[in-house]
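The values are calculated or read from the model by the stated rules, or taken from the named source; none is laboratory data. Quick caveat: nothing in here was measured; it's all calculated off a predicted structure. FYI the Cβ positions are ideal-geometry reconstructions off the backbone, even for glycines, and counts take in every protein chain you see.
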Amino acid sequence: MTIAKLTLLSLTAIALISSSCVDTSMQMGSQSAKTMATGSAAGGSSSGESSALEKCAAPLGTISLIENQSAGWYTILTNEYHLPPTANLLRLLIQQSNCFVVVERSAAGMNAMNRERQLQQSGEMRQGSNFGKGQMVSSDYGLSPEIVFSEGDTGGMSGAVGGIIGGMIGGHAGALVSSAGANTKTREASALLTMIDNRSSVQIAAAEGSASKTDIGGFGNLFGGAGGLAGGAGLSGYTNTPQGKVIAAAFMDAYNNIVRSLRNYKAQEVQGGLGKGGQLKVGN
């Protein structure tokens, strides 16, 4: 590379750094950091929620989250992906949808409520705090989440395919194609939600949800990057989407499917009554 070319590259780099093209400041509300569970909720009002979220005109009852923390998928979620409990994500989606009123039943939440009641009983609370019995709201329904399948690399252009195409193109562009193929990953996740009636223990609804996202890790250099091919600068933003975003989208899909089913809900009736023998008789 000649001195003239080195000088031109140096000047270009300095110009980019000194301009607003490179922004190293804190980005509050950054779109690249959001999942499908975005925005906020307060009572029956919500703000900034995803337009893909199903909603209800009025709540159908109260609901609590039942998360099996001893399950294998939960261990992978927290230890391998370093993600928080799925219950936190689902609480936001449920309240934003206005289909149910969420009640607290987690271990941490119950411990906090019991602590306040113990302080009340000890006489440390000021008069009128009213943490006596009869204040808690019952949970009509329970919602149990489960990750059925989650994989960080299920397809896309493999490194071998990228290498073959790159060899056919040849030269610098071919090398870039090979690199892009090696860095392309398709992330997929499938989630399951099961809803039960807490009074009768009857399963009310169940739904599966799925999501996938292809991360084109090397195409930022292939299109519009330094020495790359012209016309594709917009693809450079598809880089390393966290698996957590795909899992969040899968749970939103499952929750939307539950809400759609509940709109046409019809109770299952058994002749003679539920739990009273059923119709599948056995021989003497």
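Points to keep in mind about this one:
- If you go through region 31-84 and pick out every residue that is acidic (Asp, Glu) and more than 28 Å from PHE149 (Cα to Cα), you end up with 0.
- Single residue of region 114-144 satisfying the filter (of a type in the set (Ser, Thr, Tyr) and either assigned to a loop (DSSP other than H, G, I, E, B) or out of contact with any strand residue (DSSP E or B) (no Cβ under 7 Å at 6 or more places or on another chain) (or both)) that is surrounded by the fewest Cβ atoms within 10 Å (Cβ to Cβ): SER122
- Among residues of region 162-221 being within 23 Å of GLN243 (Cα to Cα) and of a type in the set (D, E, K, R), the one that is modelled with the lowest pLDDT is ASP215.
- Number of the exception - MET26 against (1) outside any helix (DSSP H, G or I); (2) over 26 Å from LEU192 (Cα atoms); (3) modelled with pLDDT of 90 or more: (3)
- Residue in region 96-113 that is surrounded by the most Cβ atoms within 10 Å (Cβ to Cβ), counting only those that are more than 19 Å from the chain's Cα centre (by Cα), part of a helix (DSSP H, G or I) and of a type outside the set (Gly, Ala, Ser): MET113
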